[in-house]
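Reviewing the structure listed below.
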Amino acid sequence: MKRFVIAAAFVVVSALVAGPAVAGGGGATIDTFPVGFVITSADCSELPAGTTLTGSGTEKSITVAKTKDGVTRIHNTSHATGTATDQDGNTYVFNYSNSFNVSDEGNPGVFSGIMNDSFSLAGHGPAGLSNGFQGIFSTDFTTFTTITPLKSRGDPIDFATVTARCDPL
């Protein structure tokens, strides 16, 4: 999640600095980048005891930022897929999706809106994950991020600290 917020901050700042061609004109900023994670049963309550999963893949993030009448609205959709291996050599595939729509209406520089997030992992081993949430996402994309859950399944993140549990991306 922290990696996502950092990537999103870069995309948002790039879109806003680029000026009217992107921020005001409705153009999309598209980024593709490698992702990786290590998740253990010590952090994720849904993994069998002693499990360590190491994964890697590619994420594509599409961001549209528009400013009108002093209000900036940002929509981002990100999707990652890849493979993972556990400590015994079992192989898995993972799927990650995240989207948010935020604006700084009423509080310039502080963005708030709805975020949807999902992470799943399946394969030829004892581990399997299906986690996700919908929440109110608030951030300035630099110094703070909060997510107030509206719905949650599995054990995706620690909502108090916005740190990964069973959703490592």
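In the stretch 21-93, a dipole from Cβ-located charges (positive for Lys and Arg, negative for Asp and Glu) runs towards its positive end, and of His75, Gly57, Thr40 it is His75 whose Cα lies farthest in that direction. Note on Ser112, Ser99: ascending count of other Cβ atoms within 10 Å places them as Ser99, Ser112, the fewest first.
Converting phi to 3J(HN,Hα) with the Karplus coefficients 6.51, -1.76 and 1.60 and the offset θ = phi - 60°, the stretch 97-113 yields 9, 8, 8, 8, 10, 9, 8, 9, 4, x, 8, x, x, 10, 9, 8, x Hz in sequence order, with x at every glycine or proline. What the phi angles of the stretch 63-80 give under the Karplus curve with 6.51, -1.76 and 1.60, with θ = phi - 60°, is a coupling list of 10, 10, 10, 10, 10, 9, 6, x, 10, 9, 10, 10, 10, 10, 10, 10, 9, 10 Hz, glycine and proline written as x. By the rule of a C-alpha distance below 14 Å, with chain neighbours fewer than 8 residues away ignored, the aspartates and glutamates paired with Lys66 are Asp104, Glu105. Computed about its Cα centre, the charge dipole of the stretch 34-73 is approximately 360 debye, with only Lys, Arg, Asp and Glu carrying charge at their Cβ. Taking amide H as placed 1.01 Å from N in the peptide plane, the amide H of Thr51 sits under 5 Å from that of Ser41, each at least 5 places away or on another chain. Less than 5 angstrom separates the built amide H of Val162 from none of the residues sequence-distant by 5 or more or on a different chain.
Using the Karplus relation 6.51 cos²θ - 1.76 cosθ + 1.60 with θ = phi - 60°, the per-residue 3J(HN,Hα) values for the stretch 131-148 come to 10, x, 7, 10, x, 8, 9, 10, 6, 10, 6, 9, 10, 8, 8, 10, 9, 9 Hz, with x marking Gly and Pro.
Any read-out appearing in this document is the output of simple, stated calculations on the displayed coordinates, not a laboratory observation. Keep in mind the model is a prediction, meaning the values are calculated, not measured. So basically every Cβ, Gly included, is an ideal-geometry build from the backbone, and we count neighbours across all protein chains shown.
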